[in-house]
Amino acid sequence: MKKKQGLVESNRTLELFYKKMKIIKFIEEKFWLPLIIALILGLLIPTFGKSLIFLIIPFLMIILFLTYLKTDLIEIISHIKKPFFTPEQICNLLRNFSS
């Protein structure tokens, strides 16, 4: 009986996992939908956006954070191992820029 309960519980967790994956997949495939709706509402009702102006910076921070999460870790490590500029080149660029 306990073995059967364990199977039922594991099936429930798998079902929840697949539901979450479906939601994530839907959001990734249809990301343009909320964007277009927000643009249309912003153009039709601009006064509504004025009351939400304090949310612009946190909203952009969240967008950038989620965007950078999609960056491959291997890509980051490869750039750390072989950077575009060495520290000496960066210092020289900053010296030339400031003077």
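Read-outs: derived from the displayed coordinates by stated rules, not from any lab. Everything numeric here is computed off the predicted structure, so don't read it as measured data. Cβ coordinates were reconstructed from backbone atoms using ideal geometry, including for glycine residues, and neighbour counts include every protein chain displayed.
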Query - Reference-scaled alpha-carbon Rg (2.2 N^0.38 Å with N residues) for the stretch 28-99 - result: 1.77
**Report entry** Stretch gain in nm, segment Ile45-Ile77, where the contour uses 0.36 nm per residue and the Cα spacing is subtracted
**Finding:** 7.0 nm
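For Lys20 and Thr67, FRET efficiency with R0 = 30 Å and r from the beta-carbon atoms, rounded to 0.05? Intermediate values should be presented prior to the final figure.
Working: r = 21 Å, r/R0 = 0.69.
Efficiency computed from Cβ-Cβ geometry: 0.90.
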